[in-house]
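The values are calculated or read from the model by the stated rules, or taken from the named source; none is laboratory data. These numbers come from a predicted model, not from an experiment. Note that we place each Cβ from the backbone using ideal geometry, even for glycine, and neighbour counts take in every protein chain shown.
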Amino acid sequence: MNKTRHRRISRRRFLQSGSALLAASLVGGAGAAESATTPPAVQRILRRAGASEARGPRVIVVGGGWSGLTMAKYLMRFNPRFEVTLLDRRESFVSFPLSSPWLAGQVSLDFLSHSFYEAANNHGYRFMHAGVIGFDRESRRVYTDKGYFEYDYLVLAPGIEYDYTRIGIDDPFEQQRLFQHYPGGFVAGSELLTIKRKIESFNGGTFLLTVPNGDYRCSAAPYERACMVAAVFKRQRLRAKVLLLDMNPGITIKAEGFTRAFEELYGDYIEYLPSSEINGVDIDGRRVLTVFDEYRFDDAVIYPPIRASSMIEEAGIANPEDPQKAPSTDPFLYNVAGDPRVYVTGDSRSQPFSKGGHTAHSEAQYVAEVIAAHALGREIRWRSPQTMCFSAVDIDPLESMSIITYYKFDEHSGQFAFDRTHVVDDWDPQGGQASLAWAEGMFEDMFYR
Ligand SMILES: Cc1cc2nc3c(=O)[nH]c(=O)nc-3n(C[C@H](O)[C@H](O)[C@H](O)COP(=O)(O)OP(=O)(O)OC[C@H]3O[C@@H](n4cnc5c(N)ncnc54)[C@H](O)[C@@H]3O)c2cc1C
């Protein structure tokens with residue numbers, strides 16, 4: 001066969017193919033069209049998703065986590081003329097906050113699980129179960145597996161992703177294998193189901209947990225989880241050790257309380273090793289490798305460092321200087337540099353606020369007001385998000401510690417710093433009850449009231 005002709009035909013076929021059209025559409029925006037040979041699945045993606053004619057500005061919120069749910073509700077509250085659509089690739093919501101007490105049997109899965117549809121009905125916006133593929137800022141379109149949506153404002157609240165390259169796992173296949181066998185339990189609800197089963201079926205030996213370095217999601221949660229796993233082993237009088245490898249030089253938050261808990265409650269169960277810079281995992285051999293040592297385990301939960309959603313990098317709005325690929329956004333208004341139509345909130349934000357649900361919730365109320373004001377040609381004053389975080393330490397009954405803080409902008413350093421911080425690092429049953437009341441209040445606000 002004539003090789004040149006074969007190459008030409010292949011190239012023409014490729015250009016006619018759905019994936020090329022999809023790629024052209026995503027890169028080139030509105031210009032792409034369907035052809036007769038475009039596979040139906042791709043045609044669906046290239047069409048406008050079923051949407052009514054807008055009554056007012058269309059706002060698309062990507063991600064129905066703590067940030068996106070709060071955002072959708074408060075956008076409607078601040079401007080009932082907005083046409084708000086919340087998109088999430090998950091069909092239902094499962095809370096990460098309070099998931100560690102759930103691992104230890106202190107709350108039910110029902111308590112953590114809520115319906116996106118109910119939230120949307122109660123607050124007057126639309127929820128679509130759709131996975132976002134990308135967006136084009138020129139044509140103001142968001143492409144999903146259900147078709148594309150047009151927007152006047154776009155809010156990106158897609159949360160975080162794991163970055164396994166920072167623990168020496170570069171091969172995507174190996175990353176997937178590590179995720180599947182030893183999930184970190186910080187991104188998807190199904191990871192939590194796997195982890196609960198691991199804890200319940202553990203027969204003894206070394207159960208390894210890791211704490212990532214960098215600006216990771218929920219500073220206290222890996223230490224809280226170590227306490228909850230140790231509490232289960234202690235209750236079962238299991239001959240088991242929780243080996244907590246911390247990539248940081250020490251406990252990053254509520255250090256006094258967690259140090260005391262590790263010694264007083266779990267001296268026989270938790271071995272805590274700070275400054276454990278992980279640079280490899282032998283998945284089949286069940287070993288974690290650090291710069292100086294290797295640690296064998298019988299089972300593990302491996303939480304690697306994290307990064308902002310790759311959707312942000314793919315759209316060309318990530319800060320190239322930032323190892324976590326956070327977006328280049330205005331630190332006070334949250335919009336993408338030079339684009340007052342696109343905002344990034346929640347754990348994907350660029351500001352160094354604690355990556356917590358409560359932070360995301362209070363921040364989203366402020367940013368919803370910023371967007372509502374922008375639509376009216378107005379501005380509002382910056383206000384700090386609030387971080388409030390409970391950490392479960394003991395069980396039967398649940399006993400917790402807590403921290404509450406705000407942030408201020410320091411003009412000298414040009415950085416944000418903590419402001420008005422209050423730490424309660426003594427755990428007790430009142431703290432445990434307060435944590436349940438806090439979560440209930442948050443769920444009420446995001447879903448029902
Ligand atoms: C174990 C654990 C314990 C925690 N404990 C606490 C606590 O006690 N207190 C506290 O305040 N915080 C806690 N947190 C942190 C809290 O869960 C996060 O900070 C919070 O979820 C951040 O909200 P978010 O909306 O930014 O991200 P998320 O809640 O992760 O939501 C992101 C959403 O975006 C969706 N999404 C992503 N990509 C796409 C796409 N391409 N298409 C469609 N949808 C997409 C996801 O499905 C997800 O629903 C804890 C976290 C963990 C893991």
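Regarding region 79-89, can at least one residue be identified that is near the ligand (Cβ under 9 Å from one of its atoms), of a type in the set (D, E, K, R) and farther than 15 Å from residue 443 by Cβ? Checked against the condition, which is being near the ligand (Cβ under 9 Å from one of its atoms), of a type in the set (D, E, K, R) and farther than 15 Å from residue 443 by Cβ, region 79-89 yields at least one hit. Can we say residue 297 is under 30 Å from residue 427 (Cβ atoms) and either of a type outside the set (A, V, I, L, M) or at pLDDT below 95 (or both)? When the stated conditions are applied, residue 297 passes them.
All of (1) away from the ligand (no atom under 14 Å from the Cβ); (2) closer than 28 Å to residue 442 by Cα; (3) among the polar types (S, T, N, Q) hold for residue 319 with one exception: (2). It is to be established whether one or more residues within region 125-144 are of a type in the set (A, V, I, L, M), in contact (Cβ under 8 Å) with a residue 40 or more places away in the chain, closer than 18 Å to residue 437 by Cα and touching a helix residue (DSSP H, G or I) at 6+ places or on another chain (Cβ under 8 Å). Within region 125-144, none of the residues are of a type in the set (A, V, I, L, M), in contact (Cβ under 8 Å) with a residue 40 or more places away in the chain, closer than 18 Å to residue 437 by Cα and touching a helix residue (DSSP H, G or I) at 6+ places or on another chain (Cβ under 8 Å).
Here 365, 386 are screened, and the one residue that is more than 11 Å from the ligand (Cβ to nearest atom), modelled with pLDDT of 95 or more and of a type outside the set (Lys, Arg) is 365.
So which helices (runs of 4 or more DSSP H) are wholly in region 1-95 and hold at least 2 residues that are at pLDDT below 85? Ranges flagged: 3-16, 18-28, 40-46.
Pairing each residue of region 399-414 that is without any contact (Cβ under 8 Å) to a residue 24 or more places away in the chain with any residue that is surrounded by 11 or more Cβ atoms within 10 Å (Cβ to Cβ) and not small (Gly, Ala, Ser), provided the two are 6+ apart or on different chains, yields C-beta distances under 6 Å for 404/388; 406/386; 406/419; 406/420.
Screening 191, 224, 161, 174 for residues that are within 12 Å of the ligand (Cβ to nearest atom) and either over 21 Å from residue 102 (Cα atoms) or touching a Phe, Trp or Tyr at 6+ places or on another chain (Cβ under 7 Å) (or both) leaves exactly one candidate, 161. For region 96-111, taking the residues that are in a helix (DSSP H, G or I) and either charged (D, E, K, R) or in contact (Cβ under 8 Å) with a residue 60 or more places away in the chain (or both), the one that is surrounded by the most Cβ atoms within 10 Å (Cβ to Cβ) is identified as 100. Residue count for region 46-89 under the criterion of being crowded, with 21+ Cβ neighbours inside 10 Å and touching a helix residue (DSSP H, G or I) at 6+ places or on another chain (Cβ under 9 Å): the result is 22.
The residue list 131, 205 contains one member that is out of contact with any Cys (no Cβ under 6 Å at 6 or more places or on another chain), within 10 Å of the ligand (Cβ to nearest atom), modelled with pLDDT of 95 or more and not acidic (Asp, Glu), which is 131.
For beta carbons closer than 7 Å, sequence separation of 6+ or different chains, a first residue in region 201-217 that is in contact (Cβ under 8 Å) with a residue 40 or more places away in the chain and a second that is of a type in the set (Phe, Trp, Tyr) and not in a loop (DSSP other than H, G, I, E, B), the qualifying pairs are 208/295.
Would you call residue 92 without any contact (Cβ under 8 Å) to a residue 24 or more places away in the chain, surrounded by fewer than 16 Cβ atoms within 10 Å (Cβ to Cβ) and either over 22 Å from the mean Cα position of the chain (by Cα) or over 18 Å from residue 156 (Cβ atoms) (or both)? Here the answer is no, as residue 92 does not meet what is asked. Enumerate the strands (runs of 3 or more DSSP E) found wholly within region 246-364, keeping only those where 3 or more residues are surrounded by fewer than 22 Cβ atoms within 10 Å (Cβ to Cβ) and of a type in the set (Ser, Thr, Tyr). No strands (runs of 3 or more DSSP E) qualify here.
When region 90-115 is examined, which residues are found to be near the ligand (Cβ under 6 Å from one of its atoms) and of a type in the set (Phe, Trp, Tyr)? Once the filter is applied, which keeps residues that are near the ligand (Cβ under 6 Å from one of its atoms) and of a type in the set (Phe, Trp, Tyr), region 90-115 yields only 96. Within region 310-332, residues that are under 14 Å from residue 161 (Cβ atoms) and modelled with pLDDT of 95 or more sit with their Cβ atoms under 6 Å from residues that are surrounded by 17 or more Cβ atoms within 10 Å (Cβ to Cβ) and among the hydroxyl-bearing types (Ser, Thr, Tyr), at 6+ positions apart or across chains, in these pairs: 326/350; 327/350.
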